[in-house]
Amino acid sequence: MTEPTFATLVSRWYEENARDLPWRERGVSPWAILVSEVMLQQTPVVRVLPAWQAWLARWPDPAALAADTPAEAIRMWGRLGYPRRAVRLRDCAVAIVERHGGQVPDRLDQLLALPGIGTYTARAVAAFAYGQRHPVVDTNVRRVVCRAIAGEPDAGPTTRPADLVAAEELLPIAPADAALASAAFMELGAVICTARAPRCATCPVESVCAWRASGRTAPAGPTRRPQKYAGTDRQVRGLLLGVLREATSPVPRQRLDQVWADDVQRSRALAGLVTDGLVEPVGEASYRLVGDGPPLPVTLGG
DNA sequence: ATCCAGGGTA
DNA sequence: TACCCGGGAT
């Protein structure tokens with residue numbers, strides 16, 4: 001009798017302890033899974049839950065979203081954060097309609113070519129929606145593998161090719177088992193092997209964890225500098241977008257000027273929103289969410 | 001203050 | 001590689 005593999009231990013634990021999340025249910029469409037993965041980029045599960053339900057009730061397939069405006073996508077995004085994701089998700093829906101007949105593709109290269117779909121999300125969709133065998137590596141999986149296998153306290157800030165290899169080597173051969181194991185690794189990192197205060201006492205791989213065996217060494221040093229928010233352009237962008245989201249007609253710049261005192265920073269933030277395809281100027285001195293109303297007249301003669 | 005199911009760009 | 005990009009919860 002051989003010892004259960006690392007993936008087997010975590011998968012068994014997952015089957016008994018997984019959170020009851022709606023996008024994990026049987027029969028959830030690839031589109032619904034893709035939407036959940038995009039929303040979950042840098043946004044905690046509890047905040048995604050209601051937004052995911054509302055989004056799919058309104059746009060149950062890519063064609064429905066592709067037929068609507070970026071403005072409505074930005075509004076439905078609400079306060080999930082990083083609203084460029086809303087525009088990219090709509091761009092993604094358009095691309096799915098144009099390139100794949102409205103069906104979310106099942107090939108990794110085609111998924112990677114879609115707007116807003118990167119290394120993590122492409123493999124997550126291929127694995128969780130189509131049952132394929134790919135290493136699905138997010139911040140949780142990097143941390144779990146780094147600790148339990150390498151015995152180090154913290155993973156690097158970004159996913160490197162070596163991280164994909166390390167995770168792939170832990171996956172069972174059977175694709176369905178591999179997909180389950182990937183979900184289990186992520187769940188372990190989210191619920192047990194957390195960044196701050198890991199719950200080693202209830203961890204299913206506590207007995208084989210290299211990090212625990214080495215005495216749970218502390219992180220070497222402050223490798224990441226704290227990400228500020230207050231006072232940054234991001235906060236100003238959020239304030240500006242908040243006004244435009246609530247508006248039903250173009251907003252005069254004079255009204256936008258009231259959300260932030262610093263002229264230079266406010267102008268820079270507004271220009272950034274325009275560059276990012278979230279906001280568009282209307283006439284000489286008004287702004288609106290992109291596509292939020294009748295098409296703008298074509299400018300002639302420069 | 002720190003973290004969060006990352007992706008795009010220079 | 002480094003940096004930019006929201007916002008809420010702990």
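The table below gives the values:
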read-out: Cut-off of 10 Å, at most 12 other beta carbons, DSSP loop: longest stretch of chain A lacking such GluC sites (Glu not before Pro); value: A:26-168
read-out: Size of electric dipole in segment A:6-213: Cβ of Lys, Arg +1 and of Asp, Glu -1, about Cα centre, debye, nearest 20; value: 540
read-out: Whole-percent carbon and sulfur share, accessible surface of segment A:233-289, 1.4 Å; value: 51
read-out: Residue-wise HN-Hα coupling along segment A:150-157, computed from phi with Karplus coefficients 6.51, -1.76, 1.60 (Hz; x: Gly, Pro); value: 7, x, 9, x, 9, 7, x, x
read-out: Helix A:84-100 axis, angle to chain A major axis (alpha carbon atoms, nearest 10°); value: 80
read-out: Accessible area of A:Asp109 in the full protein assembly, 1.4 Å probe (Å², nearest 10); value: 80
read-out: Global geometry of segment A:233-289, whether rounded, prolate or oblate, following the gyration tensor of its Cα atoms and the 1.5 cut on a/c; value: rounded
read-out: Furthest towards positive pole of dipole, A:Ala64, A:Ala178, A:Ala51, structure part chain A, Cβ charges; value: A:Ala51
read-out: Sequence-separation-based contact order of chain A, relative, with Cα cut under 8 Å and 6+ spacing, percent; value: 18
read-out: Solvent-accessible surface (1.4 angstrom probe) belonging to A:Trp77, in square angstrom, nearest 10; value: 0
read-out: Summed side-chain charge close to A:Asp257 - residues other than A:Asp257 whose Cβ falls under 10 Å, Lys, Arg +1, Asp, Glu -1; value: +2
read-out: Förster radius 51 Å - calculated FRET efficiency between A:Thr5 and A:Thr275 (Cβ-Cβ, nearest 0.05); value: 0.60
read-out: Chain A shape via C-alpha gyration tensor axes, a/c threshold 1.5; value: prolate
read-out: Segment A:231-248 versus segment A:68-135: alpha-carbon centroid distance in Å; value: 24
read-out: Extension gain, A:Ala176 back to A:Ser267 (0.36 nm per residue minus Cα-Cα distance, nm); value: 27.7 nm
read-out: For chain A, built as a Gaussian network whose Cα springs stay under 10 Å, the top-fluctuating residue of A:Asp292, A:Asp262, A:Asp154; value: A:Asp262
read-out: A:Ser214 accessible area, 1.4 Å probe, all protein chains in place, Å² to nearest 10; value: 60
read-out: In sequence order, calculated HN-Hα J values of segment A:114-129 (Karplus, 6.51, -1.76, 1.60; Hz; x Gly/Pro); value: 7, x, x, 10, x, 3, 5, 5, 4, 6, 4, 5, 4, 7, 7, 8
read-out: Most to least accessible of A:Arg245, A:Arg133, A:Arg12, A:Arg88 (protein chains only, probe 1.4 Å); value: A:Arg12, A:Arg88, A:Arg133, A:Arg245
read-out: Cβ-placed point charges (K, R +1; D, E -1), dipole of segment A:233-289 about Cα centre in debye, nearest 20; value: 120
read-out: Nearest 10 degrees, 0 to 90: helix A:263-275 Cα axis against chain A principal axis; value: 70
read-out: Net charge of neighbours whose Cβ lies under 14 Å from the Cβ of A:Ser29, counting Lys and Arg as +1 and Asp and Glu as -1; value: -2
read-out: Charged-residue dipole, Cβ positions (Lys, Arg, Asp, Glu), segment A:147-280 about Cα centre, Debye nearest 20; value: 540
read-out: Förster radius 41 Å - calculated FRET efficiency between A:Ala150 and A:Arg75, Cβ distance, rounded to 0.05; value: 0.40
read-out: Segment A:85-135 shape via C-alpha gyration tensor axes, a/c threshold 1.5; value: oblate
read-out: For segment A:129-267, accessible area per residue (1.4 Å probe, heavy atoms of protein chains only), Å²; value: 56
read-out: Listed residues A:Gln235, A:Val274, A:Leu188: farthest to the positive end of the dipole of segment A:160-302 (Cβ charges); value: A:Gln235
read-out: Helix A:139-148 vs. chain A, principal-axis angle (Cα, 0 to 90°, nearest 10); value: 20
read-out: Paramagnetic reach from A:Arg12 (point 7 Å along Cα→Cβ, amide N under 19 Å) across segment A:168-193; value: A:170-174, A:177-189, A:192-193
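The values are calculated or read from the model by the stated rules, or taken from the named source; none is laboratory data. On a predicted model such as this, the values are computed, not experimentally measured, just so you know. No Cβ is skipped: glycine too gets one built from the backbone with ideal geometry, and neighbour counts run over all protein chains shown. For the accessible areas, the whole protein counts, side chains as well, though only heavy atoms, and no ligand, DNA or RNA atoms are used. Shrake-Rupley method; radii C 1.70, N 1.55, O 1.52, S 1.80 Å.
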